[in-house]
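Structure, as structure tokens:
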Amino acid sequence: MEKAASSSSPWYAEILDRAIDNPRNEHVLQHSAAEWRAEVQTALRDLLLPRDTVREWMRKLKGYRYVREPHEMREGGYLRWVMMADDAVPRNNGNDGRSNARLSLAKGAIFCYLRTNEEGEPICVCRNFGVGSATTKHFEMPFHDTFFFQRFSDQEWLLLQALEAVVTQPAGKGK
């Protein structure tokens, strides 16, 4: 049996309504897409990377947000990260010309959950998929020694793009 159209709204309006009604998406509307990108860029600059590396990683991190605090992690979301090496240049070194050229951006994994270690520090538990369909690997990373970037979900990205379209639309259009 065919389902009758519930309203005269186009199909994309229903998808947008679901994204707006989803409480998991509220945080994304705190900033515009440009502001989220600026946060990613600031985090990469804080890593004291060479300029070319920042540009390359900005391309790779399109559609991602920088995660500042453990509670901002979204379970089931895709993560990429930069783990600070023991010999990495500290972020607050006064920018004396040194760089962290040896740091690398991880290919990524799915964020599963947070746990705390014996010292009360947050630990991220993630999983990735190894070679072959039956291979799944769970692993842990300390939150405070790592720069995390989480990909926006489809709904979050839709909301950001819709917000951008509304904000950039010339006055008097779309009525």
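The values are calculated or read from the model by the stated rules, or taken from the named source; none is laboratory data. Computed from a prediction, not measured in an experiment: that's the story for all the values here. When we count neighbours, we look across all protein chains shown, and the Cβ atoms used for this are built from the backbone with ideal geometry, even at glycine.
Just to check your reading of the model, which residue among Glu156, Glu164 is acidic (Asp, Glu), surrounded by 15 or more Cβ atoms within 10 Å (Cβ to Cβ) and at pLDDT below 85? Quick ask: steps written out before the conclusion?
On the way: Glu164 fails: surrounded by 15 or more Cβ atoms within 10 Å (Cβ to Cβ).
Just a single option satisfies the conditions, and that option is Glu156.
Listed here are the residues, each with its yes/no results for (1) modelled with pLDDT of 90 or more; (2) part of a strand (DSSP E or B); (3) β-branched (Val, Ile, Thr).
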{"position": "Trp36", "(1), (2), (3)": "no, no, no"}
{"position": "Val40", "(1), (2), (3)": "yes, no, yes"}
{"position": "Leu44", "(1), (2), (3)": "yes, no, no"}
{"position": "Asp52", "(1), (2), (3)": "yes, no, no"}
{"position": "Trp57", "(1), (2), (3)": "yes, no, no"}
{"position": "Lys62", "(1), (2), (3)": "yes, no, no"}
{"position": "Tyr66", "(1), (2), (3)": "yes, yes, no"}
{"position": "Glu75", "(1), (2), (3)": "yes, no, no"}
{"position": "Arg80", "(1), (2), (3)": "yes, yes, no"}
Only unsatisfied item for Ala109, checking (1) within 14 Å of the chain's Cα centre (by Cα); (2) closer than 27 Å to Glu164 by Cβ; (3) modelled with pLDDT of 90 or more, is (2)
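If the requirement is being surrounded by fewer than 15 Cβ atoms within 10 Å (Cβ to Cβ), under 17 Å from the mean Cα position of the chain (by Cα) and modelled with pLDDT of 65 or more, which of these qualifies: His144, His138? Write out each step before concluding.
Numbers: His138 fails: under 17 Å from the mean Cα position of the chain (by Cα).
Sole residue among the options that is surrounded by fewer than 15 Cβ atoms within 10 Å (Cβ to Cβ), under 17 Å from the mean Cα position of the chain (by Cα) and modelled with pLDDT of 65 or more: His144.
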